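What follows is one structure encoded as C-alpha cells, with my remarks underneath.
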Amino acid sequence: NDLFSYSVIETIMIPDGVESIGICAFSTCTELKSVVIPSSVRFIGEGAFESDDNLRKVYYTGTKKEWQEIYIEAQNDALLNAKIQFEYSPVSIEDAEITGIKDMTFTGKRITQSPVVTLDQKVLVPDIDYKLSYENNIHAGTAAVTITGIDNYFGTRTETFKIKKAGQ
C-alpha cells in the first residue's frame, strides 16, 4: 500500500507474476503517463491510481476479456479513463543496435546526436518509439546519450561519445 505514492515516475512496468496492486500504490503520481500491467494481475486496490491525472496509456498483456475479469476497486478513474492497449508485448530497447553516434568537436553549445536505432531489423522512430536525453554534452570530454523506449519499447540504453577540443 502507498508503495510509490507521490512519486514523479513517468512509466511503470509491473512485473509478470504480480497478482495484485495495493491500495493507493501509485496514487498522486502526478507525472505518471503510462503503465504496463501483466495478465497475472487479478486485483487493483482502492485508489491505486487515484489522482494520476496525466495517466493516458495502459498497456495490458492479456486480452480484453481478461481485463474485464480484474477486480478494480473504487477511485481508479485515471486508470479506467486511460486508453488501454490489449495483448501488449513489450520489447526491450536494450537489445537494439545503435549506429550513427560519432565523436564531435567542441562548439560551446549543446552537442546532440542523430542515432539510428534498429531492433529486429526495424528502424525505430525518434519521439515515437524512443526519446533521447544527454549528459555532459557541452564541454570537451566524454558525453552520453541515453535512449529511452516509448510505448511498445521499454528500458534504456546509454552510449558515450567524445567531445574534442576545437583544433584537435
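We did not get these values from a lab; they are worked out from the coordinates using the rules stated. Bear in mind that the values here come from a model prediction, so they are computed numbers and not experimental data. Note that we place each Cβ from the backbone using ideal geometry, even for glycine, and neighbour counts take in every protein chain shown.
Numbers for the structure displayed
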| read-out | value |
| --- | --- |
| Rounded, prolate or oblate (a/c below 1.5 giving rounded, otherwise prolate when a/b exceeds b/c) for the range 105-168 by Cα gyration tensor | prolate |
| The range 52-168: antiparallel DSSP beta bridges as a percent of all, rounded to 5 | 70 percent |
| Column: log10 I(q)/I(0), Debye, Cα scatterers of the chain, q = 0.20 Å⁻¹ | -1.18 |
| Farthest toward positive dipole pole in the range 67-143 [+1 Lys/Arg, -1 Asp/Glu at C-beta], among Ile101, Val125, Gln75 | Ile101 |
| MRE, 222 nm, helices only [DSSP H, n ≥ 4, -39500 (n - 2.57), over the chain, to nearest 500] | -1000 deg cm²/dmol |
| With at most 16 neighbouring Cβ atoms within 10 Å, loop trypsin sites (Lys or Arg not before Pro) (DSSP) excluded, longest segment of the chain | 111-164 |
| Low-density loop cleavage sites - GluC sites (Glu not before Pro) in the range 69-168, where at most 16 other Cβ are within 10 Å (DSSP) | Glu69, Glu73, Glu87 |
| Distribution of pairwise C-alpha distances over the range 1-97, 10 Å bins, in % | 18, 53, 25, 4, 0 |
| The chain: relative contact order in percent, alpha carbon pairs under 8 Å with at least 6 residues between | 15 percent |
